[in-house]
Amino acid sequence: MRATEVDWLELCRGCTRDLERILHELPTRAEREPVLGAGEGGDDTTAIDAAAEAAVVRRLAALDTDLTLVSEELGTRAFGAGGPLTVVVDPIDGSVNAKRGIPFFSLSLAVAEGSSMHDVSFGYVYDFGTREEWVAERGRGAFLDGAPLEDPGPKDTIEILSLEGTTTDAIAEYAPVMRGLARRLRVMGSLALSLCHLAAGRVDAVCCLKPARSIDIAAAQLLVRERGYAIELFEDPPFAKAPLDLVQRSRVVAAATDELCAQVAAALR
């Protein structure tokens, strides 16, 4: 099958159905949490991570299409002859929430026609808690459950700042510098979903307190950019040239405008 013949939305929906079944089969922390090894992304591979990734990989393998996979556990792998078509997957973004039964985690899948963030042409994020489906297509807009995302968007001042990549120490270090910049903080536990919430105007800015990987942001960033909002890897710009790999190069900030992104980045520095 040629890449242009792939119905990426239907593939993602198939992956979602598979993952819903896996969550049903592994309903408790005792079943989801056991560590099976270490993933190529640097985190522990738990039972739920491994099962979710295996389900997505089966769907991709069944396409019989030349592509390059970049994924949390497997790392970078060629299907067929590999090539420029790149699929970037985090089968469970927010895996701590998923393991502990907190209903805020997602499937994140992006399709790119090359190896950089600029090449991403399709993004899909599925929230397993709310069962909301977030989709973006380059040049065609951003959608929630099939309806175009429209105003009101994020505010031009920051009422709600969503923090991700957090530990107690990181929050203790950086929350004080947000005084006077953000009125309220939210710590939700899925960077992909937080970026989707920015695209929908539910929060006004997002920042990750540790360097982000492409698997965390490749799909959701397209929703942000299709809405005309700003996102930057401020320690290793420009964002569009960021490689689609597992390297943690920079913290990410996103907001309604470049100016607000710069203010948040300055506070983090």
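Of ASP245, ASP236, ASP216, which residue is surrounded by fewer than 22 Cβ atoms within 10 Å (Cβ to Cβ) and under 16 Å from the mean Cα position of the chain (by Cα)?
On inspection, the qualifying residue turns out to be ASP245.
Which one of these is acidic (Asp, Glu), closer than 25 Å to ILE92 by Cα, without any contact (Cβ under 8 Å) to a residue 24 or more places away in the chain and not assigned by TED's automatic domain parsing to the domain that holds ASP49: ASP236, ASP169, ASP204?
It is ASP169.
Pairs, please: C-beta under 7 Å, at least 6 apart or cross-chain, first residue over 20 Å from ALA170 (Cβ atoms) and in region 243-267, second buried (at least 18 other Cβ atoms within 10 Å of the Cβ) and among the β-branched types (Val, Ile, Thr)?
LEU244/VAL70; LEU244/THR86; LEU244/VAL88; ASP245/VAL70; LEU246/VAL70; LEU246/ILE215; LEU260/ILE158
I'm checking my understanding of the structure. Among residues of region 222-233 that are within 14 Å of the chain's Cα centre (by Cα) and farther than 22 Å from ARG269 by Cα, which one is surrounded by the fewest Cβ atoms within 10 Å (Cβ to Cβ)?
Step by step, filter region 222-233, then rank; the result is ARG225.
Taking region 154-202 as the search range and keeping residues that are in contact with a Gly (Cβ under 7 Å, 6 or more places away or on another chain) and over 24 Å from ALA98 (Cβ atoms), which one is surrounded by the most Cβ atoms within 10 Å (Cβ to Cβ)?
Among residues in region 154-202 that are in contact with a Gly (Cβ under 7 Å, 6 or more places away or on another chain) and over 24 Å from ALA98 (Cβ atoms), the one surrounded by the most Cβ atoms within 10 Å (Cβ to Cβ) is PRO154.
The values are calculated or read from the model by the stated rules, or taken from the named source; none is laboratory data. Source: prediction; values computed, not measured. Every residue, glycine as well, gets a Cβ built from its backbone with ideal geometry; the counts of neighbours run over all protein chains shown.
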